[in-house]
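Here is the structure we will look at.
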Amino acid sequence: MLMTMKSLRLLILGVVLAAVAYGAALTLAFTGAASIVAWAIVVAGAVLLPLVLLIVRRRVWQPLTELERGIQRVAEGDLSAQVPGAREDELGHVLTHFNQMTRVLRDRAEEQGRFAAAGELLGGVAHEVNNPLMAIASHAELRLADSRLPAEQRAEMQSILRQAQRAAKLLRGLLRFVRAGEKRTAAVNLNDVVRSATDLVSYRFGIDEISIDGRLDPALPTVVGDANRLEQVIVNLLSNAIDALRLIKPPRRLTIDSFVDARLGRVCVTVTDNGPGIPAEVAQRLFRPFASTKGRRGTGLGLYISRQLVREAQGELELATDGERGAGARFLAWLPYMPEAVPEPAVPAASVAPQSNGTTLAGVRVLVVDDEELIRRPMLRFLTKRGADVREAGDGVLALEVITGGFEPHVILADLRMPRMDGAAFYQRLLQDRPALAERVVFLSGDITQLAGRGLAEIPSDRVMVKPVELVELERRIVDFVRERAA
């Protein structure tokens with residue numbers, strides 16, 4: 001096997017030695033000092049030279065040409081490229097590895113394609129699910145606003161509202177995770193990232209009998225990064241820990257901590273489990289592409305991509321090596337914090353239901369454009385009770401008719417997905433015919449990531465609301481929106 005592996009080297013060495021001998025023989029022949037042996041070498045070289053060139057061409061030149069063509073095809077996006085002519089020599093092994101690499105890339109590309117397709121599908125599902133969730137939550141809020149509601153029914157309505165809000169939060173987080181979009185760098189509190197990531201995988205804690213604990217430092221400074229990408233890192237670490245814990249019997253523990261290293265100017269999030277741990281031979285290649293501890297169930301890209309995402313934020317992701325085999329695994333995500341970072345004050349929780357009976361929207365004209373009657377009706381009832389003059393329309397065409405009929409709203413609440421004329425087309429029509437009214441459009445959608453795909457990427461965040469929207473939050477946003485435009 002050793003001779004086979006070195007056959008190409010021996011061939012090249014033989015060609016070089018033959019060329020040297022042939023050159024020496026030619027020199028002797030042309031200087032007149034040639035012997036019979038020298039002339040024999042010259043004649044033999046003249047006969048063997050074409051044969052040697054043919055062998056070199058077949059064993060070296062042709063495989064390299066095929067490899068170049070294969071690399072060019074991969075560069076052009078053809079991951080099915082395979083290089084023929086693999087043999088048991090050095091170049092043959094290079095060609096074999098190239099073919100294996102393209103097969104792995106093709107398999108991974110298919111997996112990523114399915115993931116991307118799932119993300120697109122989830123966008124549509126999010127819209128269809130968020131609409132009934134908003135209808136359920138709105139009806140529950142309206143019932144809770146009734147002071148005559150019996151205590152037992154009030155408790156039931158509060159439970160319905162909380163569950164609807166919980167489902168909406170999980171769906172929104174999942175949608176944000178799979179459709180993160182382009183990188184957006186901002187000040188980020190890692191504690192918020194950890195909470196969002198934990199919400200996404202929390203359903204597995206009860207199923208797999210995993211207890212979760214730890215301490216998030218309430219004084220954690222902010223870091224600079226993309227919250228969605230950092231959330232992807234934490235979700236991956238949590239998912240890996242859960243998979244590892246499933247290999248052992250309870251008790252199964254997962255610990256998440258955050259703390260500050262003021263000496264180095266960094267913050268850290270740690271994810272620790274009491275699973276079987278990671279063998280030393282696997283730990284050495286854990287962050288390399290396609291290195292997986294899950295066999296065929298894993299892509300081998302999770303930790304590699306996670307480390308790259310952390311490094312994009314000038315941080316580092318590492319595996320603690322101070323543990324023993326069987327003592328679990330501990331991953332640490334380090335990020336530099338902002339020099340003058342100050343923890344953001346905690347935002348008080350939104351009230352469960354509208355409590356005031358005032359007319360905060362007196363004199364405000366609102367046009368609600370949504371194809372779902374179960375969503376329009378609670379909004380109309382609520383906004384009317386708050387003193388607003390409200391009109392409704394089931395799509396963009398009907399909304400234009402309402403406006404043409406003489407109703408000039410201060411605020412237009414428009415769904416993004418509607419039949420006949422959707423929210424984007426309705427907005428574009430207003431830009432052409434009534435640009436002043438176009439500035440009063442606020443979009444409501446279950447999937448705001450569609451804004452960029454519909455030419456609405458420049459719409460400011462204060463003009464976008466994600467369904468389901470609590471009625472008290474809707475009231476507050478309308479009041480703020482009208483006040484800012486009147487200023």
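Derivation of every value follows stated rules applied to the coordinates shown; laboratory data play no part. Because the structure is a prediction, the values reported are computed rather than measured. Cβ: placed from backbone, ideal geometry, glycine included. Neighbour counts: every protein chain shown.
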Distance in nm between pseudo-label sites at M338 and I212 (7 Å out along the Cβ direction from Cα): 2.7 nm
E318-I71 FRET efficiency (beta carbon distance; Förster radius 35 Å; 0.05 resolution): 0.60
Gain upon complete extension [E408, L79; 0.36 nm per residue less C-alpha separation]: 112.8 nm
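Tell me, what is the FRET efficiency for R246 and M101 to the nearest 0.05, using R0 = 25 angstrom and their Cβ-Cβ distance as r?
0.20
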For region 207-247: rounded, prolate or oblate by the Cα gyration tensor [a/c cutoff 1.5]: oblate
Förster radius 25 Å - calculated FRET efficiency between L374 and A486 (Cβ-Cβ, nearest 0.05): 0.20
Principal semi-axes in Å for region 185-227 [√(5λ), Cα gyration tensor, largest first]: 25, 13, 5
